[in-house]
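Note sheet for the following structure.
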Amino acid sequence: MTLVVATLLLFFAGPFVLWPLIRTPDEGEDEAGR
Amino acid sequence: MILAFLGSGALLAGLVLAAFSALLSFWAGYAENGVMIQVGRRAFYATAAMILVAGVLLETALLTHDFSLAYVAEHSDLSTPIALVAAAFYGGQEGSLLYWTLILGILGSASLLASARIGLRLAAYSAGIMAAILTFFLVVLVLVASPFDVLQITPPDGLGLNPVLRDGGMLIHPPVVLAGFASFAIPFSFAAAALLAGRSDAAWIAHTRRFALVAWGLQSAGLVLGMWWAYHVLGWGGYWGWDPVENVAFMPWLATTAYLHSSQVQERRGRLRGWNFGLVMLAFLLVVFGTFIVRSGIVPSVHTFAVSAIGPWFFGFLGVCLLFSVGLLAFRAGDLKSHAEPAPAVSREGAFTLQNLLLIGVIVVVFWGTMLPLVSGMLGQQRVVGPTYYERAAGPLFAALLALMAAGPLVPWRHAGAPLWRSLRWPAGAFAFLLAALLVAGVRSLPALLGLSLALAVAATVVYEYARAAGRWRLAGGGWSRALALVMRRRRHYGAYLAHLGLAMLVLGLAASHFWQQEKDVTLLPGEQVAVAGYTLTYAGVQNRELADHSELVAAMSLGGQSLEPARATYAGLGGQSLTHVAISSSPIADVYVVLAGTNGDGSASFRIFVNPLVSWIWAGGAIIILGVLLGNAGERRVGVAPVAARVRSPVGAS
């Protein structure tokens, strides 16, 4: 059960953490360092 | 039950994210890959969010009395007032570790957000080191000391919080002191990152100064609140017992005090570079050492948590941090040599250097006093030192530090000339005045004479500096807006002086209450009186009171028109554990402190009565120190940082 919860939370955190790799270069210019 | 799964799941997800953030940040920093540095940072923020989720879940479990969780059942019960149930979050081993990790996650995230443009490697390595520290704490929380462990059988009620912790002090002292401990990791991370990145200039100091000051301010507040709590709760008439747990909170404070002064020498004169790195690392190592001491139970103390399995983990962590710090300093030793010209002995930098050496001396005294039971125990016969050791060994060092506090702020940078000797008249005059007055009053104790007179000299220096500022303000034409502008322009300066003034008040309170405390043990029948140090108390009689979670035997006393109610509380739900409740009548001159020792069948009651001069000055001094920290921190100006364009090859994430 703990593993399932952890996996789900990691799944939901994914887009936030990986956003610098997802976005297009134009979108990212303002976000230096954040 | 569901809260337990959600909580442990959040901690596990946090652990994965923290380890990912640490590994990725180090690699991305090494490769100077801006995009991956950003991913590493975001993983750090996500880790902090997971810890926050775990924290909210634990607090929810406590407030909803979910006794299926072992932590909730062991540290709260149905009868405890709700505010104290909420405070049980940090009242036990596992919860306090989670609280610590949460503060590190939040402050670490704030420091990373504030450091978006400090250079790729420095940004990446600092995130990596903070994430590595978080990883360690999360490993402990997941594997060894989880606050979300589930009991096989859910009890109808919990065991409740330790009676000593059932006090208003529980709501403020532990969270502040634990936050102080956690915050030392931030300057450490940036210092180690600067060394890893080969950046030994003052940029890391300018960036972390605010966080070092936050750590110092929190620890100052934590220490004073701890003294206040001990004084109000423990009933021995004092506030500082040189207990190992007090000592391990005091040592990082001393190291950071040294750093806050010596860092100015690097900013102004480019000297003491290696020393500053060493001090910041020492402060953090002392925090880890202290945590190991407190949480392993290897040194006897009134504060220690129950002996648990986390001791070896913290010992290992201490070893890793020590090797990492010493190795890093040795690796970069060549870059840390100062090329600036040597400073003359009588100069501001000379005063700071001497102050640093004295503070290190105090740390050595306190460290060995704390370690002696352990070391002597290993050698055969356990020995414990008492307050006398600390007073004799550290007393002269404290006196020299006070003398430096009085003279140092008046000594100019680089060299001292005739104006110095003229300005020194003020602290010297204050010192001589109080010394003479005390001698005339019959005081012959050298520590009392020196402690009080030097504290007044420190205050005189601060007043002199503020008077000079007021003079400049009058010359400039006066007015509120100009006064505010003057203070804000040199807020670091005036904030520091305010902290000095607070410390002088605190020392006056410490010295007066230490040297002139009066104590009397009496047994009185109702209506009888006793006089202690000019205060007359009348015993009125005893009565029993039933409260929500305990009963109280109150022996009322009257002091002038005031009623004092010392009591003994008995907690039936905790196997009849009893605790004394002290009654204190406080004034700026002295506290009358009454402890109920016991009651007898004939209606008489036994009391221990203390009269403690100037104790309230300690608390007022602590509050002024915090005001000084707030003023010094308000709208920090960056010193010694090159323009962004010159430092950052490309903004983080622009590649």
*How many residues, within the range B:82-120, are out of contact with any Asp or Glu (no Cβ under 7 Å at 6 or more places or on another chain), within 14 Å of chain A (Cβ to nearest Cβ) and of a type in the set (A, V, I, L, M, F, W, C)?*
6
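Can you tell me which residue in the range B:142-169 is modelled with the lowest pLDDT, limited to those that are in a helix (DSSP H, G or I) and under 23 Å from the mean Cα position of the chain (by Cα)?
Initial filter on the range B:142-169 (in a helix (DSSP H, G or I)): B:142-144, B:163-165, B:168-169.
Subset that is under 23 Å from the mean Cα position of the chain (by Cα): B:164-165, B:168-169.
On the way: B:V164: 74, B:L165: 77, B:G168: 78, B:G169: 78.
Checking each candidate, the answer is B:V164.
Pick out the one residue from B:A131, B:A123 that is in contact with a Phe, Trp or Tyr (Cβ under 9 Å, 6 or more places away or on another chain) and not in a loop (DSSP other than H, G, I, E, B). Outline the logic, then answer.
Details: B:A123 fails: in contact with a Phe, Trp or Tyr (Cβ under 9 Å, 6 or more places away or on another chain).
Exactly one of B:A131, B:A123 is in contact with a Phe, Trp or Tyr (Cβ under 9 Å, 6 or more places away or on another chain) and not in a loop (DSSP other than H, G, I, E, B), namely B:A131.
Give the residue, chosen from B:S25, B:S21, that is in contact with a helix residue (DSSP H, G or I) (Cβ under 7 Å, 6 or more places away or on another chain), in a helix (DSSP H, G or I), within 9 Å of chain A (Cβ to nearest Cβ) and within 18 Å of B:I133 (Cα to Cα).
On the way: B:S25 fails: within 9 Å of chain A (Cβ to nearest Cβ).
Just a single option satisfies the conditions, and that option is B:S21.
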*What are the residues in the range B:62-72 that are in contact (Cβ under 8 Å) with a residue 60 or more places away in the chain, in a helix (DSSP H, G or I) and more than 15 Å from B:L97 (Cβ to Cβ), if any?*
B:V72
*asked:* Here is a check on your reading of the model: is B:G478 modelled with pLDDT of 85 or more, loosely packed, with under 15 Cβ neighbours inside 10 Å, at positive phi and small (G, A, S)?
replied: no
*In the list B:E32, B:E59, which residue meets the criterion of being away from chain A (no Cβ under 12 Å), closer than 25 Å to B:V164 by Cβ and not hydrophobic (A, V, I, L, M, F, W, C)?*
B:E59
*Total residues in the range B:1-25, condition aromatic (F, W, Y) and at pLDDT below 95*: 1
*Which residues, taken from the range B:121-141, are over 10 Å from B:S189 (Cβ atoms), within 13 Å of chain A (Cβ to nearest Cβ) and under 25 Å from the mean Cα position of the chain (by Cα)?*
B:L138, B:L141
*asked:* I'm told B:G603 meets every condition in (1) of a type in the set (G, A, S); (2) surrounded by 15 or more Cβ atoms within 10 Å (Cβ to Cβ); (3) touching a strand residue (DSSP E or B) at 6+ places or on another chain (Cβ under 8 Å) except one. Can you identify the failing condition by its number?
replied: (2)
*Does any residue of the range B:178-190 turn out to be among the β-branched types (V, I, T) and buried (at least 23 other Cβ atoms within 10 Å of the Cβ)?*
yes
_Can you report the number of residues in the range B:446-462 which are surrounded by 16 or more Cβ atoms within 10 Å (Cβ to Cβ) and without any contact (Cβ under 8 Å) to a residue 40 or more places away in the chain?_
2
*Where a residue in the range B:359-381 is exposed (fewer than 15 other Cβ atoms within 10 Å of the Cβ) and its partner, wherever it lies, is among the charged types (D, E, K, R), with Cβ under 6 Å and at least six apart*: B:S376/B:R383
*Odd one out for B:V648, checked against (1) modelled with pLDDT of 50 or more; (2) surrounded by 21 or more Cβ atoms within 10 Å (Cβ to Cβ)*: (1)
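The values are calculated or read from the model by the stated rules, or taken from the named source; none is laboratory data. The structure displayed is predicted, hence computed values, not measured ones. All Cβ positions, glycine included, derive from the backbone under ideal geometry; neighbour counts span all protein chains shown.
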